[in-house]
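Right, one structure below, let's go through it.
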């Protein structure tokens, strides 16, 4: 399996090369040259392998899917990495991603039982083990540069803390995460972890990461890699839980299932797109946004209009306060028949000159064939969803999952199960839970009082040059 850029750079690269690289040299994102097709016999075998909670079943399923895309890591090593990552000790249950039924035809898939209480752990824990393995194999070091709107940062830092050969430089928008999210990141004292609070919004952080990654001399000189979902390895790891969720809510492979996905940066739902392209019987991929509705606008109109920082709302589902979805380019590449020149035009010159682009009517019509629909949710909507889910089902959900559930209900189809991806636990967003329910959410004992721990972070202007200088200083330290 080789990997190519969404912007047309034709040099095929192996998985281990792009694992450590991040963006392609032309500024595009890596995708495999093709999506392996999974037939009914293979799906049936995987269903038995996973077994809805068989010990080691999720790790075995992960190995099967990863091995279709990774052929330059010995199979025994890859399987060992999967089993080291996906354990009941780390994720709480043998199922790893247990599905719970709310009502007939409507389910929630629990992706947030890892160490940082967010779905990002599902991929980041694997990525940490892959990085350590590959760096040891090469005898090299890696400086990870990432941006977070809330959950990616803590998931990355908890996965990379203490890892040999790895430093992490994580950018976050100052004052725009929940107190719990800030505490999870800033309380880490590990010397290989560096937190930078940027005076701006998430998109400013993301732009700095891309600017540094596009400076090829800086990137190569300092061995800059990425853990954001622009890294294909992270997205690939997320493909696995779509299969695991499907197997839990169906009895045969003839049953279509829809997935509703709270979406900001488009990585989570893009993994669903990959699973669907592989042949998983997904009826619809429901994109749920908050008030920052760039993606909902696109799927309704074909217009992709990036918002400025001043137009990016600060909401009670802050991990989705994003107006420039970095993973979106991967889907558009497939939508446009993998026309790298057209993608480069839209995401290069189009975004730079016009702040967005408009698909042609013919291009827009193709979206239906890919199964995407969308909707948006507001603060009032998420309060109502949190309240009704607790009162009717005794199930406490976080603000982002509430957005997903609200939009999921708008796209229910008779005879088609709908699975809402739970993206975080309510403990991370206590203020909004208290507003909705009049009570604080419970949190794991190990995280009680985390907001009171000493913090270690640096405040910096939204300036790529300053961030690069900081990295240079600490690489020499």
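Readers should treat all values here as calculations from the given coordinates under stated rules, not as data from a laboratory. Bear in mind that the values here come from a model prediction, so they are computed numbers and not experimental data. Using ideal geometry, Cβ is built from the backbone for each residue, glycine included, and neighbour counts are taken over all protein chains shown.
If each DSSP helix of 4+ residues adds -39,500 (n - 2.57) and the sum is divided by the residues in the chain, what number results at 222 nm, nearest 500 deg cm²/dmol? Could the numbers behind the result be given before it?
On the way: 21 runs with 207 residues, N = 477.
Helix-only estimate at 222 nm: -12500 deg cm²/dmol.
Quick check on packing: order 71-82, 206-217 by the mean number of other C-beta atoms within 10 Å, highest mean leading. It would help to have the intermediate numbers written out before the result.
Details: 71-82: 15.3, 206-217: 18.5.
Going by the mean number of other Cβ atoms within 10 Å, highest first, we get 206-217, 71-82.
Let me check the size of the chain from its C-alpha atoms; what are the radius of gyration and Dmax in Å?
20.6, 60
Order the peptides 24-32, 279-287, 100-108, 442-450 from the highest to the lowest mean number of other Cβ atoms within 10 Å of their residues. It would help to have the intermediate numbers written out before the result.
Working: 24-32: 20.6, 279-287: 22.3, 100-108: 15.7, 442-450: 12.4.
Going from most to least packed, we get 279-287, 24-32, 100-108, 442-450.
Figure the gain on full extension for residue 164 and residue 452 (residue separation times 0.36 nm, minus the Cα-Cα span) and round it to one decimal in nm.
Details: separation 288, 0.36 × 288 = 103.68 nm, distance 2.89 nm.
Taking 0.36 nm per residue and subtracting the Cα distance, the gain is 100.8 nm.
Stretched out fully, how many nm does the piece from residue 190 to residue 137 gain, at 0.36 nm a residue minus the Cα gap?
Numbers: separation 53, 0.36 × 53 = 19.08 nm, distance 2.37 nm.
Length difference between fully extended and current span is 16.7 nm.
Have a look at the DSSP beta bridges in the chain and tell me what percent are antiparallel, nearest 5. Each step should come with its number before you reach the end.
Working: 13 of 50 bridges.
The antiparallel fraction comes to roughly 25 percent.
For the range 380-459, what does the relative contact order come out to in percent, with C-alpha contacts under 8 Å and a separation of six or more?
Numbers: 78 pairs, mean separation 22.6, N = 80.
This gives 28 percent for the range 380-459.
Under a plain spin-label model, where a point goes 7 Å from the Cα along Cα-to-Cβ, how far apart in nm are residue 380 and residue 67?
So the label points at residue 380 and residue 67 sit 5.4 nm apart.
Bin width 5 Å, alpha-carbon pairs only: give the P(r) of the range 210-291 as whole percents, running from 0 to the bin holding the largest distance.
Values per bin, smallest distances first: 3, 14, 21, 18, 13, 11, 8, 6, 4, 2, 0.
How long are the semi-axes of the ellipsoid equivalent to the range 305-372, from square roots of 5 times the Cα gyration tensor eigenvalues, in whole Å, largest first? Don't skip to the answer; put the middle values down first.
On the way: eigenvalues 113, 49, 21 Å².
For the range 305-372, the ellipsoid semi-axes come out as 24, 16, 10 Å.
Be a star and scan the range 108-126 for residues whose amide nitrogen sits under 16 Å from the point 7 Å along the Cα-to-Cβ vector of residue 90.
What the label zone holds, given the 16 Å backbone N cut-off, is 111-126.
Show me the three semi-axes of the equivalent ellipsoid for the range 328-436, from the C-alpha gyration tensor (sqrt of 5 times each eigenvalue), largest first, rounded to whole Å.
On the way: eigenvalues 251, 64, 25 Å².
One finds semi-axes of 35, 18, 11 Å for the range 328-436.
Once R0 is set to 35 Å, what does the formula 1/(1 + (r/R0)^6) return for the Cβ-Cβ distance between residue 41 and residue 393, expressed as a FRET efficiency to the nearest 0.05? Display every interim value, and only then the final one.
Values: r = 37 Å, r/R0 = 1.06.
So, using R0 = 35 Å, E works out to roughly 0.40.
Between the range 199-235 and the range 72-130, what is the C-alpha centre distance in whole Å?
25 Å
Give me the percent relative contact order of the chain, please, defined on Cα pairs under 8 angstrom at least 6 residues apart. Please list the in-between numbers first.
Numbers: 950 pairs, mean separation 90.8, N = 477.
About 19 percent, as a whole number.
In what sequence, highest mean first, do 453-463, 159-169, 415-425 appear when ranked by Cβ atoms within 10 angstrom?
415-425, 159-169, 453-463
Once you have the Kirkwood Rh of the range 48-119 from its Cα pairs, apply Stokes-Einstein at 4 °C and 1.567 mPa s and quote D in µm²/s.
Roughly 99 µm²/s, to the nearest whole number.
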